[in-house]
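Novice: Next up is a structure, given as structure tokens.
The values are calculated or read from the model by the stated rules, or taken from the named source; none is laboratory data. All of these numbers come straight from a predicted model, not from anything done at the bench. All Cβ positions, glycine included, derive from the backbone under ideal geometry; neighbour counts span all protein chains shown. Surface areas here come from the heavy atoms of the whole protein model, side chains and all, with no ligands, DNA or RNA. Shrake-Rupley method; radii C 1.70, N 1.55, O 1.52, S 1.80 Å.
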Amino acid sequence: MANPNDVIKGEEVTLDIEPGMNILEVNKKLAQKNKELLQKHNITAIDIMGSIGAGKTSLIEKLVQKLKQKYRIVVFKGDLTTTIDAERIGKHGVQVITINTGRECHLDANVVARAVERISLNDIDLLIIENVGNLICPAEFPLGTDKRVVVISVTEGPYMILKHPFTFMNADAMVINKKDLAKTMNIDTNQLERQAKDVKPDIKVAVTNALSGEGVDKLIKDLEL
Ligand code: MG
Ligand code: ZN
């Protein structure tokens, strides 16, 4: 069912911007169009952001395993050049479309619109988008999803939120992953949670081990799935 060779080349669909146009404004309008199209077809869409190695793909694998009986799921996978993650997720029997962004370090609403053209809108309930591994600029490019999740892991140290508050302000939910390593890394997950709530008081927080699946049900609840 899953075809890991379904790849969109981002370079070929770069945003057409006239001089003087604000790229963030254009992106915002396209995101709104994506949102309307997806809502019209009753598709819930989730954008998953976070650094390389935070555990986004492992988390999505667990979400797919837990939710695929309940929803018809499609995953878009943003990556610079590879299809490694698409193959990992595709193993679970869901459709995966890779969006290779080339040099771009984030997905934008335009490439997502191209990927949406490839899916059968009436046969899908849930769209999960794994953004390019990068904690910073994906936050500035909404894709038209209902919710945005930021994944951090305890191995990234204690300052992720203090250094990148903008990313957390733009997220509906946060995942603190690799909880099994918190003690070894000397990280207090409660402190990370407090820091996130300082910048985004209503952010939902799940503390997980994406490999074992621990805490993933809390994220599902946080996303109202
Ligand atoms: Mg990944
Ligand atoms: Zn970027």
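Novice: Treating segment 83-175 as a set of equal point scatterers at the Cα positions, no solvent, please give the Debye-formula log₁₀ I(q)/I(0) at q = 0.13, 0.14 Å⁻¹.
Specialist: Taking Cα atoms of segment 83-175 as identical point scatterers yields -0.51, -0.59.
Novice: Given the whole protein assembly as supplied and a 1.4 Å probe, what does the accessible area of Asp198 come to in Å², nearest 10?
Specialist: Asp198 exposes around 130 Å² with every protein chain in place.
Novice: Taking 0.36 nm per residue of sequence separation and subtracting the Cα-Cα distance, how much length would be gained by fully extending the chain between Ser212 and Glu224, in nm to one decimal?
Specialist: Gain in length upon complete extension: 2.2 nm.
Novice: Can you bin segment 33-88 into rounded, prolate or oblate? Criterion: square roots of the alpha carbon gyration tensor eigenvalues sorted a ≥ b ≥ c, rounded for a/c under 1.5, prolate for a/b above b/c, oblate for the rest.
Specialist: Oblate, because a/c is 1.5 or more while a/b does not exceed b/c.
Novice: To continue, here is another question. At a probe size of 1.4 Å, how large is the accessible area of Thr189, to the nearest 10 Å²?
Specialist: Accessible area, nearest 10 Å²: 30 Å².
Novice: Follow-up. Give me the percent relative contact order of segment 19-222, please, defined on Cα pairs under 8 angstrom at least 6 residues apart.
Specialist: Reported as a whole number, the value is 26 percent.
Novice: Let me know the Kirkwood hydrodynamic radius for the chain, please, with Cα pairs as the basis and the value in Å to one decimal.
Specialist: Final number for the Kirkwood radius of the chain is 17.5 Å.
Novice: Let me ask another. Using a Förster distance of 41 angstrom, determine the FRET efficiency expected from the C-beta separation of Ser120 and Met185, and round it to 0.05.
Specialist: Calculated transfer efficiency: 0.40.
Novice: Next question. Using Cα springs under 10 Å in a Gaussian network model of the chain, which residue among Lys197, Lys147, Lys163 shows the largest mean-square fluctuation?
Specialist: Sorting by GNM fluctuation, first place goes to Lys163.
Novice: When the chain is fully extended, how far beyond the present Cα-Cα distance does Leu37 get from Thr81, taking 0.36 nm per residue of separation?
Specialist: Residue separation times 0.36 nm, minus the Cα-Cα distance, leaves 13.1 nm.
Novice: Turning to a different aspect of this structure: Please work out how much length the chain gains when fully extended from Cys137 to Lys66, using 0.36 nm per residue of separation minus the C-alpha to C-alpha distance, in nm with one decimal.
Specialist: Value of the extension gain: 22.6 nm.
Novice: Here's something else I'd like to know. Can you send over the solvent-accessible area of Met185, 1.4 Å probe, protein chains only, in Å² to the nearest 10?
Specialist: Result for Met185: roughly 80 Å² accessible.
Novice: Antiparallel DSSP bridges in the chain: what percent, to the nearest 5?
Specialist: 5
Novice: Classify segment 148-225 as rounded, prolate or oblate from the Cα gyration tensor: take a ≥ b ≥ c as the square roots of its eigenvalues, call it rounded if a/c is under 1.5, otherwise prolate when a/b beats b/c and oblate if not.
Specialist: The shape class here is oblate.
Novice: Rolling a 1.4 angstrom probe over the protein heavy atoms, how many square angstrom per residue are accessible across segment 19-222?
Specialist: 45
Novice: If the elastic network links every pair of Cα atoms under 10 Å, which of Glu61, Glu117, Glu104 fluctuates the most in the Gaussian network model of the chain?
Specialist: Evaluated over the chain, the most mobile residue of the options is Glu117.
Novice: Say the cut-off is 22 Å between C-alpha atoms; which of Lys163/Lys200; Lys66/Lys197; Lys91/Lys218; Lys56/Lys147 go over it?
Specialist: The pairs that break the limit, which is 22 Å between Cα atoms, are Lys66/Lys197; Lys91/Lys218.
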